[in-house]
Ligand code: NDP
Ligand code: MG
């Protein structure tokens with residue numbers, strides 16, 4: 001039996017993971033999980049999943065909950081997440097928190113020899129080098145949950161890496177894929193949250209519209225598959241049916257197709273290397289699909305994708321600056337404090353002001369993350385853009 005720590009149980013990936021886990025009670029058990037702001041849902045999950053340990057946001061909440069649920073242990077903050085991820089009972093950690101908070105618990109879990117199923121792409125964007133080194137050193141497997149990376153991972157099975165010449169990541173184009181740059185000037189939060197193909201958390205839905213999500217995924221792919229940036233390509237594919245592809249050096253393409261349903265890559269990560277019958281599949285019928293479309297990606301239309309390639313290539317602390325600035329700007333957009341197109345301006349400004357540290361320690365990465373947040377928040381308060 002796999003005994004799972006689910007970081008971010010109250011989120012979109014958290015909910016899909018719980019569905020998969022609960023379909024196979026004899027295979028999986030969630031022994032610990034975390035939630036943050038959603039106390040109501042968190043309490044429901046405690047009653048439903050009967051975990052041993054739960055990580056919450058604050059000490060006050062942890063104290064109150066331990067009175068309400070005396071059979072459960074509670075922790076809080078970052079140390080709570082680390083405990084949830086490293087407890088001796090846990091064999092696999094599924095990191096589904098959103099944002100840079102995922103890095104430290106994932107690294108600690110690797111050091112504690114837990115298998116990792118990784119949804120939180122920010123972990124590799126910030127600390128790809130440290131995380132992959134730690135995984136190698138501790139002989140820990142990192143299984144991708146992100147659908148594109150799961151697709152590539154599935155295509156790579158049985159295919160030696162040296163035969164692969166390119167990774168081709170598909171992008172739906174997000175909520176505003178049919179808008180021109182001029183039309184983006186006055187778009188609002190509600191429209192931005194209407195993703196055409198996937199139902200996801202708010203932050204990643206905005207990132208999909210700005211194409212920052214694809215940028216983060218390019219960096220994630222670089223680290224997961226040890227592929228040079230020149231050999232990672234992004235193309236627009238509005239049906240999101242092909243989740244991604246690999247190209248072989250002899251010119252053959254291998255693609256993975258399926259429904260836009262995160263339960264599928266989550267299940268693959270949980271059952272890997274086995275394939276197990278899916279219990280709650282979304283209907284998928286190729287005969288109802290009239291055509292598949294592919295388009296060249298435009299860096300002019302989606303400048304944040306170009307920015308992400310630059311950050312990835314530069315390495316060091318720059319991807320962390322990009323990520324932190326983006327997290328703060330997206331939050332501000334969601335709270336209607338800045339306009340949609342200002343997101344990219346804040347990200348670019350933060351990166352321009354940054355003096356890159358080429359080989360940062362974890363402490364440096366976390367400090368850069370903190371400083372960037374403070375700086376971008378100040379700029380937003382002043383209304384820089
Ligand atoms: P959601 O916003 O739906 O959920 C985020 C989860 O993280 C919630 O459980 C939330 O708790 C928790 N959380 C947020 N901030 C903190 C914090 N500071 N400390 C501790 N916990 C926190 O996000 P998604 O499920 O959509 O995405 C999660 C991760 O997976 C992201 O990194 C995303 O990029 C990645 N991903 C998501 C996909 C998707 O389809 N949704 C696809 C591929 C990757 P609470 O709700 O209680 O506040
Ligand atoms: Mg994805």
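Brief remarks on what is shown
- Neighbour counting of Cβ atoms within 10 Å sorts the residues 41, 139, 114, fewest neighbours leading, into 139, 41, 114.
- DSSP beta bridges in the chain [antiparallel fraction, %, rounded to 5]: 30
- From least to most packed, judged by other beta carbons within 10 angstrom and beginning with the fewest, 292, 49 follow the order 292, 49.
- Between segment 337-385 and segment 269-293, the alpha-carbon centres lie 39 Å apart.
- Residue-averaged [θ]222 nm for the chain, counting only DSSP H segments that reach four residues, each worth -39500 (n - 2.57): -14000 deg cm²/dmol
- In segment 168-314, Cα pairs under 8 Å separated by at least six residues give a relative contact order of 31 percent.
- Sequence-separation-based contact order of segment 254-324, relative, with Cα cut under 8 Å and 6+ spacing, percent: 19
- Sequence of 155, 194 once ranked by neighbouring C-beta atoms within 10 Å, starting from the fewest: 194, 155
Values quoted throughout were computed directly from the atomic coordinates according to the rules given, and no laboratory measurement underlies them. Fair warning: this is a prediction, and the values are worked out from it, not measured in the lab. Note: ideal-geometry Cβ built from the backbone for every residue, glycine included; neighbour counts use all protein chains shown.
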